[in-house]
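Take a look at the structure set out below.
Every read-out reported here was derived from the displayed coordinates using simple, explicitly stated rules and does not represent laboratory data. Everything numeric in this text was worked out from a predicted model, so none of it was measured. Note: ideal-geometry Cβ built from the backbone for every residue, glycine included; neighbour counts use all protein chains shown.
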Amino acid sequence: MAKINYYDVDALRNVNEKRVWDMLPFFLERNPGICACGSCALDIVAVTLNNIQPCYQVYEDGVDRAREKVSEEEIYRQMTNAAKLVSSNPRHD
């Protein structure tokens, strides 16, 4: 008997991931000394996401709740720390 997947896993989203991606261009623009190649940018995002609290939701209108848990200032601070770490050990394209 075939299993049926009742769960729509594609609807599950970490709202903070979108917030980090949205902030990345702003961060890189204000930090021109940071390498913005594909590998470094992905590493900065990955390290940042590993250091902030996730906020998983199945709907898009939960950004306010995510902001209550992790502020834009905290995301920027963690992105700064991530960029320093990545810069000290880059994996350039």
At R0 = 25 Å the Cβ-Cβ FRET efficiency linking Asp10 and Ser39, nearest 0.05, sits at 0.40
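Quick check: net charge around Leu24, other residues with Cβ under 14 Å of its Cβ, Lys/Arg +1 and Asp/Glu -1?
Values: positive: Lys18, Arg19, Arg30; negative: Glu17, Asp22, Glu29, Asp43, Glu72.
Within the 14 Å Cβ shell, the charges total -2.
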Please express the Cα-Cα pair-distance distribution P(r) of the stretch 15-56 as a list of whole percents, one per 10 Å bin, running from 0 to the bin with the greatest distance. 28, 56, 15, 0
